[in-house]
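Structure first, then comments.
The values are calculated or read from the model by the stated rules, or taken from the named source; none is laboratory data. All values reported here derive from a predicted model rather than from experimental measurement. Positions of Cβ are backbone-derived with ideal geometry, glycine not excepted, and every protein chain shown enters the neighbour counts.
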Amino acid sequence: MISPGSAIGVLGGGQLGRMLAHAATRMGYRLHVFEPQENCPAGEVASREFNFEYREVERLKEFARGCAAVTYEFENVPVKPLWEIEEIVPLRPHWEVLETCQNRAREKNWLQRHGFPVVPFAEVAAGEDLSQAIRKVGMPAVVKTADFGYDGKGQVKVRTPAEVAEAVKAFAGQRAVVERFIDFKCELSVIVARNPQGEIRTFPVAENIHTRHILDFSIVPARIDPAVQREAAELAVNIADAFGLVGLLAVELFLDSDGRLAVNEMAPRTHNSGHWTLDGCVTSQFEQQVRAIAGLPLGDTAMTVPAAVMVNILGNVWKGQGKEPIGSPNWSGLLSHPRAKLHLYGKSQPRAARKMGHFTLTGEDVATVFKSARALKTGLRSP
Ligand code: AMP
């Protein structure tokens, strides 16, 4: 067990690292952050900040020597340099989990090999013919880059021969994955934690609404059959077990109109769809991450409220985006709501589609809370 007072290291200095720092420091741990860019959201609240490239192995080793355990909050950390710190400090989750989740083809193959449901897909090697994979999967299809894709970056939907030709051009020379386009009923996510002793807990299933591929709302409890929720949670537990996970893992799922679940993607870290746990759960996902990687018993994941809705606040709600933002959103409605909780990540430059913060609204029933949350979101843009 890694006791309070020790330092926990995190690779990546974004908002997930910042909220981890809040949770860790509250419990008496120190948080050290390793992040190439200066003035990062996590660095603002960390005890130590290392601003170097991930490939600077000597710097990474120095960072590792000062920590009792190291985790990550950013999925695209290169894996190779991590082999070097493995001998110095426990890396949790293990780099093999990270490597599996970094590449869509590897991730889907891993899931399939272990018997977990995935959307029908075909792999395309660099330089290989994309149109053949599209024929195999059938249209409409979604073409995604195999490496380092997130929030819809590097993906296109293809419905027509003309779009196939466009996709062939756009993805030329790249490794890709072609997926059947799923006319899903809804998107769900489950965050699961496992500690080194093998104790496992899941958070309540979140229902996620994306707008332009970016998470817009997380709604809890998910408005679906409780039996499907149990099934989703069971899937996440089995995935965590199959990985021998130590740490946190987010599993994103599609629920189709026949009531079937399929895993879309996984992230071995805290997740945007779990931010509501800060305000609606006995233990937040960030505290659970600390507990799991420090080898503490896991915290209770029961909700403290009947309903919670998390809303992302993107740079789009600032009037002037870019280097010289004009003014700020209209916070008055949100701040005057007695049950709305505002979280801002300390980012100085609001850009379109950049996650600047989020808010969580809690209440007695999910329909009312969702309606009020939408109204509060609209209010951010009011003059
Ligand atoms: P991803 O980057 O794979 O998480 O995709 C971002 C979002 O695009 C998902 O959350 C879905 O809303 C949508 N999407 C991705 N893949 C598919 C698919 N095969 N069928 C339908 N929608 C998809």
Where LEU255 falls short, out of the listed (1) of a type in the set (A, V, I, L, M); (2) closer than 29 Å to GLY14 by Cα; (3) touching a residue at least 40 places away in the same chain (Cβ under 8 Å): (2)
Looking only at residues that are charged (D, E, K, R) and in contact with a Gly (Cβ under 9 Å, 6 or more places away or on another chain) in region 60-84, which one is farthest from LEU98 (Cα to Cα)? GLU73
Please find, within region 12-35, the residue that is surrounded by the most Cβ atoms within 10 Å (Cβ to Cβ) out of those that are in a loop (DSSP other than H, G, I, E, B) and under 20 Å from the mean Cα position of the chain (by Cα). GLY13
Filter result for VAL192 (crowded, with 18+ Cβ neighbours inside 10 Å and outside the structural domain of VAL369 (by TED's automatic domain parsing)): no
Looking at region 276-304 only, could you name the residues that are more than 15 Å from THR202 (Cβ to Cβ) and either within 16 Å of the ligand (Cβ to nearest atom) or among the hydrophobic types (A, V, I, L, M, F, W, C) (or both)? LEU278, PHE286, VAL290, ILE293, ALA294, LEU296
Go through region 78-107 and give me each residue that's within 26 Å of VAL119 (Cβ to Cβ), out of contact with any Asp or Glu (no Cβ under 8 Å at 6 or more places or on another chain) and of a type in the set (A, V, I, L, M, F, W, C). VAL97
For region 198-298, which strands (runs of 3 or more DSSP E) that fit wholly inside it have 2 or more residues that are more than 27 Å from ASN103 (Cα to Cα)? 214-220
Out of the residues in region 340-361 that are in contact (Cβ under 8 Å) with a residue 40 or more places away in the chain and either touching an Asp or Glu at 6+ places or on another chain (Cβ under 6 Å) or in a loop (DSSP other than H, G, I, E, B) (or both), which is surrounded by the most Cβ atoms within 10 Å (Cβ to Cβ)? THR360
Quick test for you: out of GLU207, GLU166, pick the one residue that is surrounded by fewer than 19 Cβ atoms within 10 Å (Cβ to Cβ) and of a type in the set (Asp, Glu). GLU166
Positions within region 362-380 being in contact with a Lys or Arg (Cβ under 9 Å, 6 or more places away or on another chain), without any contact (Cβ under 8 Å) to a residue 60 or more places away in the chain and not in a helix (DSSP H, G or I), in sequence order: GLY363
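Test of understanding: among ARG92, ARG48, which residue is out of contact with any Lys or Arg (no Cβ under 6 Å at 6 or more places or on another chain), under 24 Å from GLN285 (Cα atoms), crowded, with 18+ Cβ neighbours inside 10 Å and basic (Lys, Arg)?
Only one candidate qualifies: ARG92.
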Which of the residues spanning region 163-196 are within 16 Å of the ligand (Cβ to nearest atom) and assigned to a loop (DSSP other than H, G, I, E, B)? PHE171, GLN174, ARG175, PHE181, ILE182, ASP183
Would you tally the residues in region 246-272 being modelled with pLDDT of 95 or more, among the small types (Gly, Ala, Ser) and within 15 Å of the ligand (Cβ to nearest atom)? 3
Among (1) surrounded by 22 or more Cβ atoms within 10 Å (Cβ to Cβ); (2) under 22 Å from the mean Cα position of the chain (by Cα), where does GLN229 come up short? (1)
Complete set of residues in region 51-69 that are without any contact (Cβ under 8 Å) to a residue 40 or more places away in the chain and either in a helix (DSSP H, G or I) or surrounded by 15 or more Cβ atoms within 10 Å (Cβ to Cβ) (or both): ASN51, PHE52, GLU56, VAL57, GLU58, ARG59, LEU60, LYS61, GLU62, ARG65
